[in-house]
Amino acid sequence: MIKENLHNIQTSLPENVTLVAVSKTKPVSDLQEAYDAGQRIFGENKIQEMTEKWEQLPKDIQWHMIGHVQRNKVKYMAPYVSLIHGVDTFKLLKEVDKQAVKNERIIECLLQVHIAEEDTKFGFDAAELQETIALEDFSALKNVKVVGLMGMATFTEDTTQVAREFQSLKSLFDSLKTATSDNLEMKILSMGMSGDYKIAIENGSTMVRIGSSIFGARNYQ
Ligand SMILES: *Cc1c(COP(=O)(O)O)cnc(C)c1O
């Protein structure tokens, strides 16, 4: 099942779109099955769960943290995390930088932008984001690299609204492409999940985060 689902999604994606297989709550055996089918990028939303899986699975997996990150837990993933999607405050970015220094590496991050018209999600708004990357303190961070933006649309049947929200993130992304510096380069636009990734791709997504369409519905207990 997992293998077929992965194959079907992979073949439907345009070449420039990267698939993150969102494996949160799923057992290591499911991830191994996806790995055996060729998948190398996995997304998790809890640092402890991701670290346990990292310890058990092959070391050529790229681990993406897609969930909300608490600053006091960054240290546990700093040795190995490949991309942090949900950086939503400057304070968090500074903590990632600090832990990256300790691990002598550069950690790639996406800034999470609040695009949903409903107001329950984390993230910067456009103005805050512009201010943050203009800070001198931002350019001083040498061990993080902001490589793009991430956003989540409202959970709604209204596809016009979803498209409009993705479009707003794409415009912001494009407007920042000229702002390239040592620790900033807009190359990844992470948007789209099982229910809305096709709309996200139509609106410029370059990275989709898909869980239930690959691994089946999650069972939260
Ligand atoms: C769980 C999750 C996903 C994947 O959701 P599905 O609907 O199962 O594809 C994508 N992005 C984030 C941030 C998530 O938390």
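Whole angstrom only: what separates the Cα centroid of the range 102-143 from the Cα centroid of the range 70-92?
11
Please work out the C-alpha center-to-center distance from the range 1-29 to the range 164-221 and express it in whole Å.
15
Gaussian network model of the chain, Cα springs within a sub-10 Å range: biggest mean-square fluctuation belongs to which of LEU149, LEU176, LEU93?
Answer for the Gaussian network model of the chain: LEU176.
Given H placed on each backbone N at 1.01 Å, which residues far from LYS145 in sequence or on other chains put an amide H within less than 5 Å of it?
Long-range HN contacts for LYS145: ILE107, GLU108, CYS109.
Using the crude model of +1 on Lys and Arg Cβ and -1 on Asp and Glu Cβ, and no other charge, please compute the dipole size for the chain relative to its Cα centre, in debye to 20.
Magnitude of the dipole: close to 660 debye.
Per residue, how large is the accessible surface of the chain? Use a 1.4 angstrom probe and give square angstrom.
Counting only protein heavy atoms, the per-residue value for the chain is 49 Å².
Tell me which trypsin sites (Lys or Arg not before Pro) from the range 99-132 have a DSSP coil assignment and no more than 10 other beta carbons within 10 Å of their own.
Sparse-neighbourhood loop trypsin sites (Lys or Arg not before Pro): none present.
Relative contact order, percent, of the chain when contacts are C-alpha pairs under 8 Å separated by at least 6 residues? Write out the running numbers ahead of the final one.
On the way: 396 pairs, mean separation 43.7, N = 221.
The value is 20 percent.
Applying 1/(1 + (r/R0)^6) with R0 = 30 Å to the Cβ-Cβ distance of SER12 and ASP158, what FRET efficiency is obtained, to the nearest 0.05?
Working: r = 23 Å, r/R0 = 0.77.
FRET efficiency, SER12 to ASP158: 0.85.
Per residue of the range 137-142, what does 6.51 cos²θ - 1.76 cosθ + 1.60 with θ = phi - 60° give for ³J(HN,Hα)? Whole Hz please, x for Gly and Pro, Karplus curve as stated.
Couplings: 4, 5, 5, 6, 6, 9 Hz.
Quick one: accessible surface of ASP60, probe radius 1.4 Å, all protein chains present, in square angstrom to the nearest 10.
Rounded to the nearest 10, the figure is 80 Å².
For a quick check: with amide H placed at 1.01 Å from N, whose amide H comes under 5 Å from ALA153's, ignoring anything fewer than 5 positions away on the same chain?
Residues meeting the amide H criterion: GLY192.
Out of the DSSP beta bridges found with both residues in the chain, what percent are antiparallel (nearest 5)?
Antiparallel bridges: around 5 percent, rounded to the nearest 5.
Can you give the longest stretch of the chain with no exposed loop site, where a site means GluC sites (Glu not before Pro) in a DSSP loop (not H, G, I, E or B) with at most 12 other C-beta atoms within 10 Å?
Counting only loop sites that pass the neighbour cut-off, the longest clear stretch is 16-103.
What percentage of the solvent-accessible surface of the range 2-215, computed with a 1.4 Å probe over protein heavy atoms, is contributed by carbon and sulfur atoms? Intermediate values should be presented prior to the final figure.
Numbers: 4870 of 10080 Å².
Exposed carbon and sulfur together represent 48 percent of the surface.
Using the Karplus curve 6.51 cos²θ - 1.76 cosθ + 1.60 with θ = phi - 60°, work out ³J(HN,Hα) for each residue of the range 106-115 in order, rounded to whole Hz, and write x for Gly and Pro.
10, 9, 7, 9, 10, 8, 7, 10, 7, 10
Expressed in nm², what is the orientationally averaged projection area of the convex hull enclosing the Cα positions of the chain?
Over all viewing directions, the chain projects a mean Cα-hull area of 11.9 nm².
If I take every Cα pair under 8 Å that is 6 or more residues apart in the range 76-119, average their sequence separation and divide by the length, what percent do I get for the relative contact order? Can you show the working numbers first?
On the way: 39 pairs, mean separation 21.8, N = 44.
For the range 76-119, the relative contact order is 50 percent.
The values are calculated or read from the model by the stated rules, or taken from the named source; none is laboratory data. Just so we're clear, the structure is a prediction, and the values are computed from it rather than from any experiment. Positions of Cβ are backbone-derived with ideal geometry, glycine not excepted, and every protein chain shown enters the neighbour counts. Side chains included, ligands, DNA and RNA excluded: accessible areas come from the protein's heavy atoms. Shrake-Rupley method; radii C 1.70, N 1.55, O 1.52, S 1.80 Å.
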